[in-house]
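Input: a single structure, listed below in structure tokens.
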Amino acid sequence: MKKVSLTGIKPTGDLHIGNYFGAIKPALELAKEYDARYFIADYHGLNVMKNPVELNTSIRKVAAGWLASGLDPQSVIFYRQSSIPEVFELTTMLMAFTSKGLMNRAHAYKAAVQENNEKGDDPDAGVNMGLFTYPVLMAADIILFDSDVVPVGKDQVQHIEMAQDIAQSVNANYGKELLKAPQAAVRETVAVVPGLDGRKMSKSYNNVIPLFAPEKDLRKTIMRIVTNSQAVEEPKDPDSSQIFLLYKLFASHDEQAALAGRYRAGGMGWGEAKEELFRVINRELTPVREQYDAIMADIPALDRILERGAEKARHIAAATIKRFRKAAGID
Ligand code: TRP
């Protein structure tokens, strides 16, 4: 039997190139070897997004983005968390095995408390119970599907460790391996994708290159990449230029060598380098963008894909709940 890879995708709205190389591509790579179960974490989204229109469109945009990037819903079980009531049943069951102290130690919660303390506010100001208990919901997402590995960024490792702890507490109580304890598959080797200003590309830095922007906007965004004031004729160092680092993600080896040569020779201005970058990004993203636009033009069809995924997922989920309820004496 193949091992199970599972990950949750936050509905953040417009995906960018950092998501594409940092999360989407590695997860789709893993899906070749593993039984993959990937879902849109829409109830996680509710913790932070209270505007219904925004949340609703974000869910669709993110789902369409993964499909357009090559997720095959025939081979990957692709669904919305909100379609699986067993997730919430398992969350309640896991709550009984999760100490409050464990939640107190969660980085996201601790950061919120620290920020409040620094401002002199009540320590728990702005912290809702959804945010506080987030690691339990996430543990349920994972454990429900007997997940072996969970591809995530470094910031999520603590959550996976908590899922392990919680599964182990349950197993210790019943004296058998009732629930599978997951492992994090951390994406360390993935290149950091630089943003327009040279810092890591991130929505919170407002320095992103969107994945599905129309060609014209894509070009405009690339032209906004920050450069130094070196003159056209000066030789330039490719490895300290975010234009070149981005170029490497999209260009062949020959193309990379050729552009590096032009950097070092001098005589090429930043504008020209940006044009080269635009050319290779647009070459890769044009078919993806077309696919995305086609999916977004038929939301009912997209929803049907997610519903079919949910049906498959619920079969697996029901078995886990049944096993746990029986062990717990609630059968
Ligand atoms: N917390 C994850 C994030 O912020 C999203 C997520 C929710 C998740 N449930 C999950 C990731 C289960 C992996 C497994 O990106």
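The values are calculated or read from the model by the stated rules, or taken from the named source; none is laboratory data. Only a predicted model underlies this, so the values are computations on that prediction, with no experimental measurement involved. Glycine gets a Cβ as well: all are built from the backbone with ideal geometry, and neighbour counts include every protein chain shown. All accessible areas refer to the heavy atoms of the entire protein, side chains included, with ligands and DNA or RNA removed. Shrake-Rupley method; radii C 1.70, N 1.55, O 1.52, S 1.80 Å.
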**Item:** Angle in degrees between helix 107-119 and the longest Cα principal axis of the chain, rounded to the nearest 10
**Value:** 80 degrees
**Whole-angstrom gap from region 265-331 to region 134-165, using each part's C-alpha centre** = 20 Å
**Asked** Which lysines have a Cα less than 22 Å from the Cα of Lys236, not counting those fewer than 8 places away in the same chain?
**Response** Lys200, Lys248, Lys274
**Prompt:** By how many degrees, 0 to 90 and rounded to 10, does the Cα axis of helix 85-95 deviate from the longest principal axis of the chain?
**Reply:** 70 degrees
**Request:** Tally up the carbon and sulfur contribution to the accessible surface of region 75-182 as a whole percent, 1.4 Å probe, everything protein left in place.
**Result:** 52 percent
**Message:** If I compute solvent accessible area with a 1.4 Å probe over the protein chains, what percent of it on region 258-306 is carbon and sulfur?
**Reply:** 56 percent
**Asked** Given H placed 1.01 Å from N in the peptide plane, which residues other than close sequence neighbours of Lys200 have an amide H under 5 Å from its amide H?
**Response** Gly195
**Item:** At most 14 other Cβ within 10 Å, DSSP loop - trypsin sites (Lys or Arg not before Pro), region 37-142
**Value:** Lys50, Arg105
**Asked** Can you tell me the accessible area per residue over the chain, all protein chains present, probe 1.4 angstrom, in square angstrom?
**Response** 49 Å²
**Message:** With n ≥ 4 as the cut-off for DSSP H runs, can you work out [θ] at 222 nm for the chain, using -39500 (n - 2.57) per run divided by the number of residues, rounded to the nearest 500?
**Reply:** -17500 deg cm²/dmol
**Prompt:** Tell me, what ³J(HN,Hα) does each residue in region 263-276 have, in order and in whole Hz, if you take phi through Karplus 6.51 cos²θ - 1.76 cosθ + 1.60 with θ = phi - 60° and put x for Gly and Pro?
**Reply:** 4, 6, 6, x, x, 10, x, 5, x, 5, 4, 5, 4, 4
**Complete:** With the dipole of the chain defined by +1 on each Lys or Arg Cβ and -1 on each Asp or Glu Cβ, the option from Leu131, Ala111, Val232 whose Cα lies farthest towards the positive pole is Leu131
**Other-chain or far-sequence residues with amide H under 5 Å of Ile209's (modelled H)** = Ile17, Gly18
**About the Cα centre, charge dipole magnitude for the chain (Lys/Arg +1, Asp/Glu -1 at Cβ), debye** = 480 debye
**Request:** Round to the nearest 10 and give me the degree value, 0 to 90, for the angle of helix 157-174's Cα axis relative to the longest principal axis of the chain.
**Result:** 20 degrees
**Asked** Counting Lys and Arg as +1 and Asp and Glu as -1, what is the net charge of the other residues whose Cβ lies under 13 Å from the Cβ of Tyr34?
**Response** -1
**Fill in**
With 0.36 nm assigned to each residue of separation and the Cα-Cα distance removed, Asn104 to Asn56 gains 14.2 nm
**Request:** Once you have the Cα-Cα distance between Ile330 and Tyr174, take 0.36 nm times their residue separation minus that, and quote the gain in nm to one decimal.
**Result:** 54.8 nm
**Request:** Would you mind telling me which residue in Ala106, Ala167, Ala140 has the biggest mean-square fluctuation in a Gaussian network model of the chain, where springs connect alpha carbons within a distance under 10 angstrom?
**Result:** Ala106
